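Novice: I'd like to ask you about the structure that follows.
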Amino acid sequence: MNTSKTASFVFALVVFALSWIKPTWPYEQALHSSLTVLGLIMLSYYARKNPISNTSFLMICLFMAAHCVAARWLYSNVPYDAWIKSLTGMSLQASMGWSRNHFDRLIHFLYGFCLVPALIEYFYHKYTPRLSHCLTLALAGIMVSSLCYEWFEWLIAVTMPAEDAEAYNGQQGDIWDAHKDMLAATLGALVWVPVYRY
């Protein structure tokens, strides 16, 4: 990895380490963080074997860092409204009429947004130089992987005690949570359509 990628990777590692200072829910956070650890290992290995731009690498590291923040508070308890209120004096929850914590939706959106450029580069180098085809494959990759993740969450829901499953899945009583999460990831990916098509 070059200096830029190393700096991005170190940033993600620092955020990961900071997220583990006096954890409130260590067991549940460890469940979420296991995916972060796996993702960082895979990213490091991939970057050594395959071409990936500094920008795409940075975006993946930013997603990983955001995921670390979400894991710290189990998604559902991220105090983003308190943070915004302390900075602006305004409650985002109140102004939007939200009763639900929506940080998980942001993470799913960022999943689509942050990974599409790297996926396009991968398909471009491995399979086809046509950007329209690469974009289509990247969008499909985000949607299919989002679906597979929701199946994984379902498996957790049916195999773990109800309290642990809720702590991990963070549905917050929303029966359409999986559908909305997949939609958020898809919308994040679709942001790139005008960029790559035009």
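Only the coordinates and a few stated rules stand behind these numbers; no lab work does. As the structure is a prediction and not an experimental result, all values here were calculated from the model. Positions of Cβ are generated from backbone atoms using ideal geometry, with glycine treated the same way; all protein chains shown enter the neighbour counts.
Novice: Can you tell which of PHE57, TYR80, LEU190 lies farthest toward the positive end of the dipole of the range 45-198, using +1 and -1 charges on the Cβ of basic and acidic side chains (Lys, Arg; Asp, Glu)?
Specialist: The residue sitting farthest along the positive end of the dipole is PHE57.
Novice: Which order do the peptides 70-78, 120-128, 13-21 take when ranked by the mean count of other beta-carbon atoms within 10 Å per residue, highest first?
Specialist: My ranking of the peptides, most packed first, is 70-78, 120-128, 13-21.
Novice: Quick one: 3J(HN,Hα) in Hz for the range 178-183, Karplus 6.51/-1.76/1.60 with θ = phi - 60°, rounded, Gly and Pro as x.
Specialist: 4, 5, 5, 5, 5, 5
Novice: Between the alpha-carbon centers of the range 97-141 and the range 1-79, tell me the distance in whole angstrom.
Specialist: 17 Å
Novice: Just list whichever of LYS49/LYS180; LYS22/LYS85; LYS5/LYS126 have alpha carbons separated by over 32 Å in the model shown.
Specialist: LYS49/LYS180
Novice: Normalise the Cα radius of gyration of the range 88-161 by 2.2 N^0.38 Å (N = residues in it) and let me know the number.
Specialist: The value comes to 1.54.
Novice: Per residue of the range 108-123, what does 6.51 cos²θ - 1.76 cosθ + 1.60 with θ = phi - 60° give for ³J(HN,Hα)? Whole Hz please, x for Gly and Pro, Karplus curve as stated.
Specialist: Working through the residues one at a time gives 5, 4, 5, 4, x, 5, 7, 8, 4, x, 5, 5, 4, 4, 4, 5 Hz.
Novice: Using a Gaussian network model on the chain with a 10 Å cutoff between Cα atoms, which of SER145, SER86, SER132 fluctuates the most?
Specialist: SER86
Novice: On to the next question. Given the DSSP H assignment, sum -39500 (n - 2.57) over each helix run of at least 4 residues in the chain and divide by its residue total; what's the result at 222 nm in deg cm²/dmol, nearest 500?
Specialist: -25500 deg cm²/dmol
Novice: What does the charge count around ARG72 come to, taking other residues whose C-beta lies under 11 Å from its C-beta (Lys +1, Arg +1, Asp -1, Glu -1)?
Specialist: Summing Lys and Arg as +1 and Asp and Glu as -1 gives 0.
Novice: Follow-up. Can you compute 3J(HN,Hα) from phi for each residue in the range 53-60, using the Karplus curve 6.51 cos²θ - 1.76 cosθ + 1.60 with θ = phi - 60°, rounded to whole Hz and x for Gly and Pro?
Specialist: Couplings: 5, 4, 5, 5, 5, 4, 4, 5 Hz.
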